[in-house]
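Okay, structure first, notes after.
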Amino acid sequence: MDSPIWQPFTQMKTADPPLMVRRGRGATLELEDGRKILDCISSWWVTIHGHGHPVLAERLYQQAQELEHVIFTGFSHEPAEQLARKLLDHVPQSLTRVFFSDNGSTAVEVALKMAYQYWQRCGQPQRSRFLGFEGGYHGDTLGAMAVGQSSPWWKSFQPLLYPFDMVPFPATYPGDRHVDEKEAQALAVLDRFLSEQGQEYAGIFIEPLVQGAAGMRICRPEFLQALEGRSRQAGLLLIYDEVMTGFGRTGELFACLKSGTTPDLLCLSKGLSGGCLPLAVTLATEDIYQAFYKDDLSQAFFHSHSYTGNPLACAVGVTSLELLEQEPQVYQRLETLHWQFMGKWLGDHPLVHQQRTCGTIAAMEIQTQGGGDYFDALGPRLRQCFLEAGFLIRPLGNTIYLMPPYCITPAQLESAYEIIRQVIDSVS
């Protein structure tokens, strides 16, 4: 019997039937037919501690005995209070308020609405436009799509999206001799926008250090520092989308800490609950919070979801953060291992270019006859070959990347690089 499920990012007419997963343990997924798959991308970047983590499972069970959910307007609960305080302990001190939602795209929508209404509350309603970066991906809801309009699969929605100005993203890689030039060009475009219509901008969105869906494109901390300086000078809000880069992915707990920069709004999700349940937050400065803090109800921030601040998700979120606090070495070790195995298995491969890492993330470009974008036929071919070999690796066009759960063993990680070489040789 055909499944009634309509799957995401899938052409249902041509796709193979989905693989049925029975259970997950650590970095491994076990299928219904008994096959085992090494999850090299943390199941879309969320399962940071690995599957079936016993500590997270026990915390989820305990919380389910106490409180599974409660309306979050006029009520709160200890898991949410704990998680909010614990998050604030690990971010720049100017971020003081935590707004809960339930996924990364929604966290961005919240930041978008907060930034827009902030300027209205401050008596500057003309600040209604936003800036962002070419290749940016911030989610699939309309507002999030509007601040990432360069993604190829959104062209058909263009009439629904509001105007948005994009700055080139200065993607770089080790040995790139043009990084200074790329950054200068990006900042020159930004300067032109700010000089021509700076008083019209409410804020600027960026995925700090790494653009995920665009192909794991990396920029330097120095560029973010220059961006922060210009944002402060122009008076617009700096908005970081750390949905993917948060919770150790860049080698530090957050990319803002690694880059030594401070956003006005910070969006978090994915690894926030350790990959157990949907959960997101948008962190804001006290200045933004106070702009809504009025006697007049109409001046409040009106945004919510039925599952806002879900106790089950918040409880495992607290426990996930505690695991990261207790053993930061589990994610800090991965960059060294990436370089070691990348050099051993792919360093001399003629079809592999622009090898790069940032913390737990590693990526490389594969030479292709196609355009190399998301719809390049090479990506699906590679993905199928990896699956047949027992590895969950989903190339972005001709970009192969690894973003494993932190529990992956060195032997498991090396096997992923070995299979990448074998698959590239087989399809070239």
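The values are calculated or read from the model by the stated rules, or taken from the named source; none is laboratory data. Only a predicted model underlies this, so the values are computations on that prediction, with no experimental measurement involved. Note: ideal-geometry Cβ built from the backbone for every residue, glycine included; neighbour counts use all protein chains shown. With ligands, DNA and RNA removed, areas are computed over all heavy atoms of the protein, side chains included. Shrake-Rupley method; radii C 1.70, N 1.55, O 1.52, S 1.80 Å.
Side notes on the structure shown:
- For the pair Gln233 and Arg25, label points projected 7 Å from Cα toward Cβ lie 5.8 nm apart.
- Charge dipole (debye, nearest 20) of the range 31-187; +1 at Cβ of Lys and Arg, -1 at Cβ of Asp and Glu: 500
- About its Cα centre, the range 1-107 has a charge dipole of approximately 260 debye under the convention of +1 per Lys or Arg Cβ and -1 per Asp or Glu Cβ, with nothing else charged.
- Excluding same-chain neighbours fewer than eight residues apart, the lysines reachable from Lys270 by a Cα-Cα span under 28 Å are Lys36, Lys86, Lys113, Lys155, Lys258.
- Of all the options Val318, Val70, Val108, the one that moves most in a Gaussian network model of the chain with Cα springs shorter than 10 angstrom is Val70.
- Backbone N under 18 Å from the Phe375 label point (7 Å along Cα→Cβ), restricted to the range 1-20: 9-15
- Structure remark: mean-square fluctuation, Gaussian network model of the chain, C-alpha springs under 10 Å; the largest value among Val316, Val352, Val147 belongs to Val352.
- FRET efficiency for Tyr289 and Gln367, using Cβ-Cβ distance with R0 set to 30 Å, rounded to 0.05: 0.05
- This model, with +1 at the C-beta of Lys and Arg and -1 at the C-beta of Asp and Glu, gives the chain a dipole about its Cα centre of some 320 debye.
- Residue-normalised accessible area of the chain, given per residue in Å² at a 1.4 Å probe: 45
- Calculated P(r) over Cα pairs in 10 Å bins from 0, in percent (choose from (1) 4, 18, 19, 13, 13, 13, 10, 6, 3, 1, 0; (2) 4, 16, 20, 18, 13, 10, 8, 6, 4, 1, 0, 0; (3) 4, 21, 31, 27, 13, 3, 0), label: (3)
- Restricting the range 1-95 to GluC sites (Glu not before Pro) that sit in a DSSP loop and have at most 12 other Cβ atoms within 10 Å of their own Cβ leaves Glu32, Glu68.
- Sparse packing (at most 13 other Cβ atoms within 10 Å of the Cβ) combined with a DSSP loop state is found for the following chymotrypsin sites (Phe, Trp or Tyr not before Pro) in the range 320-418: Phe375.
- For the range 203-284, the share of accessible area belonging to carbon and sulfur comes to 48 percent (1.4 Å probe, ligands and nucleic acids excluded).
- In a fully extended conformation the segment linking Gln11 and Glu181 would gain 57.2 nm over its present Cα-Cα distance, using 0.36 nm per residue.
- Most mobile listed residue (Gly248, Gly359, Gly347) in the chain, GNM with C-alpha springs under 10 Å: Gly347
- The range 172-321, Cα convex hull volume normalised per residue, Å³: 141
- Look at the dipole of the range 65-177 built from charges on Cβ: of Ser150, Ala107, Ala80, the Cα furthest out on the positive end belongs to Ser150.
- Gain upon complete extension [Gln124, Gln422; 0.36 nm per residue less C-alpha separation]: 101.5 nm
- The chain: relative contact order as a whole-number percent, Cα under 8 Å and 6+ apart: 22
- Rounded accessible area of Met12 (nearest 10 Å², 1.4 Å probe): 80
- Under Karplus coefficients 6.51, -1.76 and 1.60, residue-wise ³J(HN,Hα) of the range 315-320 in Hz, glycine/proline x: 4, 6, x, 4, 5, 4
- Solvent-accessible area of Phe9 with every protein chain in place, 1.4 Å probe, in Å² to the nearest 10: 90
- Counting only DSSP beta bridges with both residues in the chain, the antiparallel share comes to about 65 percent.
- Sorted largest first by accessible area at a 1.4 angstrom probe radius, with every protein chain in place, the residues Asp16, Asp264, Asp191, Asp295 fall in the order Asp295, Asp16, Asp191, Asp264.
- For the range 378-427, the share of accessible area belonging to carbon and sulfur comes to 50 percent (1.4 Å probe, ligands and nucleic acids excluded).
- Where trypsin sites (Lys or Arg not before Pro) fall in DSSP loop in the range 241-307, at most 14 other Cβ within 10 Å: Lys294
- Approximate spin-label separation Ser150-Ser195, in nm, with each point projected 7 Å along Cα-to-Cβ: 2.2
- Candidate lysines - alpha carbon under 18 Å from Lys344, same-chain residues fewer than 8 apart omitted: none
- Calculated P(r) of the range 303-402 - Cα pairs past 18 Å, %: 63
- Anisotropy class of the range 198-239 from Cα gyration tensor, a/c 1.5 cut: oblate
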